[in-house]
Structure formats: structure tokens, C-alpha cells
Amino acid sequence: MSSTQTAAELRRILTHYCNSYLTKCPDIERLKNLLSKVSNDQKNKLLSSTRDSNGDTVLTRAAYNGHLELCVTLLSSLPPADRLKLILVNKRTALHWAAYRGYTETVSGILNCLTADQQLQLLFTQDSDGDTALHYAALRGHTETVKTLLDNLTPEQQLQLLFTQDSNGDTALHEAALRGRTETVKTLLVDLIPERQLQLLSLQNNVVKTASQESAGFDQNSNTVTILKQYQTEADHGVNYCEIAKFT
């Protein structure tokens, strides 16, 4: 098979994967064989341009369905410098979808294919609504996925991500609180010093509501409301509100 024929066959297979929405894991070994026989330029072009009717690439669809091996195969076939470019083809990236679906191993697999600097850029990537992958995982209450996302950051970077607000002014804590994701709320707050906890709990979104207020609006008697009040009380103990600005 000539290089032109190989590229054509690879495009055909990628197109089929996209159009079938990857409900079944594809033939990885066949895919690896074809990827190994085309140039990096051809791979970059095919992997970024072959999309489904929603504009999603094969990588994005694979992440959505939790196909870890396929995600790693596609990314590993490219030079390290090109991997993040492929992920960022879709604004709502493969990492966003893997986090949304709670595929923690897929989240780890995607991040492990990247350099430290690329990981950092991807973790802070916001979709068209300003949401990060952490917002997505928190929204769905995928606590282990939340832990994995945060574990890839330094304490300072974790803090920055926790305070990242989307276009509605919501943090990941707002998203978790609004939907009663009690364990996720605990995970987002547990490692913060009291001053930082209080600052995050006091942060308001665009409708001037804190995470606690959003949670109470959803269900005043929920466990999440109780936990948020507990953190608020404990963090507030001995902390002067006027001093919070010093921790910004």
C-alpha cells in the first residue's frame, strides 16, 4: 500500500469512528499500524480535520466515551510538541469531556501524554462558557476526577484553578454546591487554609450568590448546605473579614 493509499485508508477509518460516535472501541492495533506509516504532517492534518457532525475530532469523541487506549494511541502517535495542539482543536476539549463523564483514568492518560507546561495550559483551558475541566467534574460530582485534576498542580496552581470563574461567575465550588455534590464540595475545600476557605466560600457569581447560597436555593435541607455552613463557621472562627484581601 502506497503512502497515499495509507493516508486515504486512515482517513476512512477516522471518519468511520467519528460517524459511529465511537460507541465501540475501535481496532487499536490496526489504527497504530496505519498511524506509524504516515508522516507527522499527515497525521496532524488527518487527526485535526476529521470530525463528526458536531465538529468533534476522533480524540474528543474517544475521551467522551472513556476510550483510554484510543486517546493515548492518538496522542502518542504525534511528537510531544503537537499533542496539545490536537487537544485544543475543540474548545470543549477531550479533557473537558473525560472529566464531565467521570473517566478518571482517561483524564490521567491524556495528561500523562503531555509535558508539565502543556498539562498546566490544558488544566486552565476554558471552553466557550468559561468552564475548565474542573468545573465539569465538579458539576457532575465526580470526586475522584476532581482529585486527579488538582493533584497535577502545585498548591498555588490549585488555588488559582479553584478560584477560576466561568462566564456566569461560577467556580467549581459553585457548580458542585448547586447540584448537591457533597463529597465533591468537601474535596474542593478540605486542603485549603481557613482564610482561603472563607475567601472561596465568600466569592459571588454574576447573580451575586455564593456557593452556599446557590446550594440553599437548590435544597435548604441538603447535606451539602450543612457541610458548607460547617466550613463557613470553622473558617470564620478567628478570621477577620477585613484581612481576607491580604490573601488575594
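Throughout, read-outs are computed from the coordinates displayed, never taken from laboratory work. Note that the coordinates shown come from a computational prediction; the quantities given were computed from them, not determined experimentally. Cβ coordinates were reconstructed from backbone atoms using ideal geometry, including for glycine residues, and neighbour counts include every protein chain displayed.
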Largest to smallest principal axis extent of the C-alpha atoms in the stretch 126-248, angstrom: 37, 34, 26
Which GluC sites (Glu not before Pro) in the stretch 8-112 sit in a loop by DSSP (not H, G, I, E or B) and have at most 16 other Cβ atoms within 10 Å of their own Cβ? none
In whole Hz and in residue order, list the ³J(HN,Hα) couplings for the stretch 143-159 that follow from phi through the Karplus curve 6.51 cos²θ - 1.76 cosθ + 1.60, θ = phi - 60°; x for Gly and Pro. 4, 5, 5, 4, 4, 5, 4, 6, 5, 8, 10, 6, x, 5, 5, 4, 4
Relative contact order for the stretch 126-248 using alpha-carbon pairs under 8 Å, separation at least 6, rounded to a whole percent? 25 percent
Contact order normalised by length for the chain, with contacts defined as Cα pairs under 8 Å and 6 or more residues apart; what percent is it? 12 percent
So if we plug the beta-carbon distance of Asp191 and Asn54 into 1/(1 + (r/R0)^6) with R0 = 25 Å, what FRET efficiency do we get, rounded to 0.05? 0.10
With no solvent and one equal point scatterer placed on each C-alpha of the stretch 1-113, evaluate the Debye formula and give log10 I(q)/I(0) for q = 0.11, 0.16, 0.21 Å⁻¹, two decimals. -0.29, -0.64, -1.14
Label model pair Ser2, Asp82: point-to-point distance (7 angstrom along the Cα→beta-carbon line) in nm is 2.2 nm
Kindly express, to the nearest 10 degrees and within the range 0 to 90, the angle between helix 40-49's C-alpha long axis and the longest C-alpha principal axis of the chain. 60 degrees
7 Å from Cα along Cα→Cβ at both Glu9 and Asn112: what's the point-to-point distance in nm? 3.0 nm
Could you derive backbone 3J(HN,Hα) for the stretch 110-122 from the dihedral phi with the Karplus parameters 6.51, -1.76 and 1.60 (θ = phi - 60°), listing whole Hz in sequence and x where the residue is Gly or Pro? 5, 5, 5, 7, 10, 6, 4, 5, 5, 4, 4, 4, 5
Just to be sure I follow: if Rg is taken over the C-alpha atoms of the chain and Rh is the Kirkwood radius over the same atoms, what is Rg/Rh? 1.07
Output wanted: per-residue J couplings in Hz (rounded whole) for the stretch 58-72, from phi through Karplus 6.51 cos²θ - 1.76 cosθ + 1.60, θ = phi - 60°, x for Gly and Pro. 4, 4, 5, 5, 4, 5, 4, 9, x, 7, 4, 4, 5, 4, 5
Loop trypsin sites (Lys or Arg not before Pro), the stretch 1-66, which have at most 12 other Cβ atoms in a 10 Å radius of their Cβ (DSSP): Lys24
